[in-house]
1. Return the residues of segment 16-33 that are more than 14 Å from the chain's Cα centre (by Cα), farther than 22 Å from Glu179 by Cβ and either surrounded by 16 or more Cβ atoms within 10 Å (Cβ to Cβ) or aromatic (Phe, Trp, Tyr) (or both); say none if nothing qualifies.
2. When the residues of segment 34-76 are filtered to those that are over 20 Å from Pro110 (Cα atoms) and among the aromatic types (Phe, Trp, Tyr), which remaining residue is surrounded by the fewest Cβ atoms within 10 Å (Cβ to Cβ)?
3. If I go through segment 114-133 residue by residue, how many of them are open to solvent by 10 Å² or more (accessible area, probe 1.4 Å) and not in a strand (DSSP E or B)?
4. For segment 141-164, state whether one or more residues are at pLDDT 95 or above, of a type in the set (Ser, Thr, Tyr) and in a loop (DSSP other than H, G, I, E, B).
5. Looking at Ile55, Ile37, which one is out of contact with any Leu (no Cβ under 6 Å at 6 or more places or on another chain) and more than 21 Å from Ile141 (Cα to Cα)?
6. Among the residues of segment 134-159, how many are surrounded by 12 or more Cβ atoms within 10 Å (Cβ to Cβ), more than 18 Å from the chain's Cα centre (by Cα) and hydroxyl-bearing (Ser, Thr, Tyr)?
7. Return the pair list, or none, for Cβ contacts closer than 6 Å from residues in segment 175-189 that are closer than 13 Å to Phe27 by Cβ to residues that are in a strand (DSSP E or B) and open to solvent by less than 30 Å² (accessible area, probe 1.4 Å), at least 6 apart or on different chains.
8. Which residue is nearest to Val9 (Cα to Cα), if the candidates are limited to segment 89-102 and must be surrounded by fewer than 19 Cβ atoms within 10 Å (Cβ to Cβ), out of contact with any helix residue (DSSP H, G or I) (no Cβ under 6 Å at 6 or more places or on another chain) and not β-branched (Val, Ile, Thr)?
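The values are calculated or read from the model by the stated rules, or taken from the named source; none is laboratory data. None of these values were measured; they are calculated from a predicted model. All Cβ positions, even for glycine, are placed from backbone atoms using ideal geometry, and neighbour counts span all protein chains on display. These area figures cover heavy atoms from the full protein model, side chains too; ligands, DNA and RNA do not enter into them. Shrake-Rupley method; radii C 1.70, N 1.55, O 1.52, S 1.80 Å.
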Amino acid sequence: MMRELVYYVAVSLDGFIAGPNGEFDSFLAEGDHMDVINERFADTIPTDFADALHIPQSRSMFDTVLMGWNTYAVGLPFGVESPYRHLRQIVFTRGRNATGESLEVSRDDPAEVVRRLKQEVGASIWLCGGGALAATLADEIDRLVLKRNPVLFGTGIPLFGERPYRPERFDEVATTAFESGVVLSEYRRAPSAG
């Protein structure tokens, strides 16, 4: 079975994954949604946080994470050069360099990289962000898992950056509403009608 590309991300009610300067501290980090998310999506927790919280990371859901440079660079001011070192990390950039445990920097076409990764044996591939990379990879995304937070940002980095108008259907697989106000919704790309 071919590996899937899963865009798993927190998003505001008005469709932003971060503020205009990359802020994400308004997303709810406490509440009844956290136990479910930490258990089911443990592979998406930064390695040091998971270690501190004693959350096992089995790499059973994801074994590879894809990030654009801006998403990756969030941790650099804090000395975090390998945020998800329990996973194979691929950072897409046109001209920057980075080194870290389990970290690769790619200047290749992201869609071509994803198509190659899908042919390899392994768990699913997590698209961590950002919005521009998600727009570039929109045709390759097999599943969307959105953690809708009960906040409005007003402006910021959109869930998907600019892309041509071309509607694509995703079917809802499951939605769970939590008392915290967070709604976890999962969608799978609809089969093409051809």
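1. Matches in segment 16-33: Gly19 only.
2. Among those that are over 20 Å from Pro110 (Cα atoms) and among the aromatic types (Phe, Trp, Tyr), it is Phe49.
3. 11
4. Among the residues of segment 141-164, at least one is at pLDDT 95 or above, of a type in the set (Ser, Thr, Tyr) and in a loop (DSSP other than H, G, I, E, B), which makes the answer yes.
5. Result: Ile55 is the single residue among Ile55, Ile37 that is out of contact with any Leu (no Cβ under 6 Å at 6 or more places or on another chain) and more than 21 Å from Ile141 (Cα to Cα).
6. Within segment 134-159, residues that are surrounded by 12 or more Cβ atoms within 10 Å (Cβ to Cβ), more than 18 Å from the chain's Cα centre (by Cα) and hydroxyl-bearing (Ser, Thr, Tyr) number 0.
7. Val182/Asn149
8. So, considering only residues that are surrounded by fewer than 19 Cβ atoms within 10 Å (Cβ to Cβ), out of contact with any helix residue (DSSP H, G or I) (no Cβ under 6 Å at 6 or more places or on another chain) and not β-branched (Val, Ile, Thr), the one nearest to Val9 (Cα to Cα) is Ser102.
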